[in-house]
Amino acid sequence: NQHYIGDVLRQYPAQWQAQELIQALRPMTPRLYSIASSQKAVGNEAHLAVAIASYEHHQSLALGVASGFLAQYQDGETLPVFIEANERFRLPQDDTRDILMIGPGTGVAPFRGFVQERIETQASGKNWLLFGARHAESQFLYQLEWQAALKNGHLHRLDLAFSRDQAERIYVQQRLLESGADVYAWLESGAHVYICGAIEMGKEVQQAFIDIVRIHGSKSLEDATDYIKQLQQSGRFAKDVY
């Protein structure tokens, strides 16, 4: 649908009272952003990673309603917010468990919080992050923090996929497949998997996990699919996609 409320009102002008117009419209869908911090690390704050959505619309630049609104926020202003709990997307209670985090783009947000939390609680489980974006120079979110965590031993492995920085387009699912033997070994040793980001990416990453289990676990496609389903049912394979 290429027509927005403003387009319709301009094309079919009518004498609206402001309150009448508001009452005739559907309420806006709430925008949900993952919290990109641990309260143990940042205190009375909640950090967000927000990408400004922008696109051409009828030969003019349009901004995403929520991201554009946040981008115009001025220091000192207050904004209405709410918290929606996600009980299925949490760190394992057993902090000796390894975690494998796949979060391209702003999907990396909750994993910044996860790693901060694991540092503060001195968790002994290993942390492996796979991050992807189009360009390393402009879109490597929290680059210095990840590099410091890697150097300090708080992040045990960091795999990167910048899809437009070379002729071949490389995505996080390809990095997973390239490290398939290691991924399968982590799964077999009880690691928890977390995927955050775009819906289509989530589907492709889940398929990559099925292929890894099929290849490195010497299983049929059906058995490999069941393996991943069992991880989901046991709470060891969680997705937060949008």
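Worth a mention:
- Virtual paramagnetic centre 7 Å along Cα→Cβ of SER124, amide N under 11 Å, in region 84-105: 95-97
- Using a probe radius of 1.4 angstrom, the carbon and sulfur fraction of the accessible surface of region 198-242 is 47%.
- Given the chain, longest segment not containing exposed loop GluC sites (Glu not before Pro) (DSSP; at most 11 other Cβ within 10 Å): 88-167
- For region 1-68, the carbon plus sulfur part of the accessible surface works out to 54%, probe radius 1.4 Å.
- Its Cα centre serving as origin, region 1-137 has a Cβ charge dipole (Lys and Arg +1, Asp and Glu -1) of approximately 280 debye.
- Around the amide H of HIS57, modelled in the peptide plane, lie the amide H atoms of ALA62, all under 5 Å away and 5 or more residues distant in sequence or on another chain.
- Three-way shape call for region 135-189 based on the alpha-carbon gyration tensor, with the a/c threshold at 1.5: oblate
- Rounded to the nearest 500, the 222 nm mean residue ellipticity of the chain from helices alone is -11500 deg cm²/dmol, with -39,500 (n - 2.57) taken per DSSP H run of at least 4 residues.
- Region 132-236: Rg to Rh, with Rh as the Kirkwood radius over Cα pairs: 0.99
- Rounded to 10°, Cα long-axis angle of helix 199-216 versus longest principal axis of the chain: 10 degrees
- Placing R0 at 25 angstrom, the Cβ-Cβ distance between GLN17 and ALA62 gives a FRET efficiency of 0.45 after rounding to 0.05.
- Helix axis angle, 221-233 relative to the chain longest principal axis, alpha carbon, degrees: 70 degrees
- Relative to the longest principal axis of the Cα atoms of the chain, the long axis of helix 109-120 makes an angle of roughly 50 degrees.
- Highest mobility in the GNM of the chain, judged by mean-square fluctuation with C-alpha springs under 10 Å and restricted to LEU63, LEU155, LEU176, is found for LEU63.
- Straight-line cross-link partners of LYS219 among the aspartates and glutamates, defined as a Cα under 13 Å from its Cα and at least 8 positions apart when in the same chain: ASP211.
- Additional length obtainable on full extension of the chain from LEU9 to LEU25, 0.36 nm per residue less Cα span: 4.5 nm
- Taking the chain and dividing mean pair separation by its residue count, relative contact order in percent (alpha carbons under 8 Å, at least six apart): 16 percent
- The stretch between GLN207 and ALA53 holds 52.7 nm of extra length on full extension. This uses 0.36 nm per residue minus the Cα-Cα distance.
- Using C-alpha pairs below 8 Å separated by at least 6 residues, the relative contact order for region 122-219 is 25 percent.
- Of the trypsin sites (Lys or Arg not before Pro) found in region 161-218, those in coil by DSSP whose Cβ has at most 14 other Cβ atoms within 10 Å are ARG164, ARG169.
- Sites ASN86 and ARG164, calculated FRET efficiency, Cβ-Cβ separation with R0 41 Å, nearest 0.05: 0.85
- Each Cα pair under 8 Å and six or more residues apart adds its sequence gap; the mean of these over the residue count of region 73-169 is a relative contact order of 26 percent.
- Solvent exposure of the chain amounts to 63 Å² per residue of accessible area, where only protein heavy atoms count and the probe is 1.4 Å.
The values are calculated or read from the model by the stated rules, or taken from the named source; none is laboratory data. These numbers come from a predicted model, not from an experiment. Cβ coordinates were reconstructed from backbone atoms using ideal geometry, including for glycine residues, and neighbour counts include every protein chain displayed. Keep in mind that these areas ignore ligands, DNA and RNA; they rest on the heavy atoms of the full protein, side chains included. Shrake-Rupley method; radii C 1.70, N 1.55, O 1.52, S 1.80 Å.
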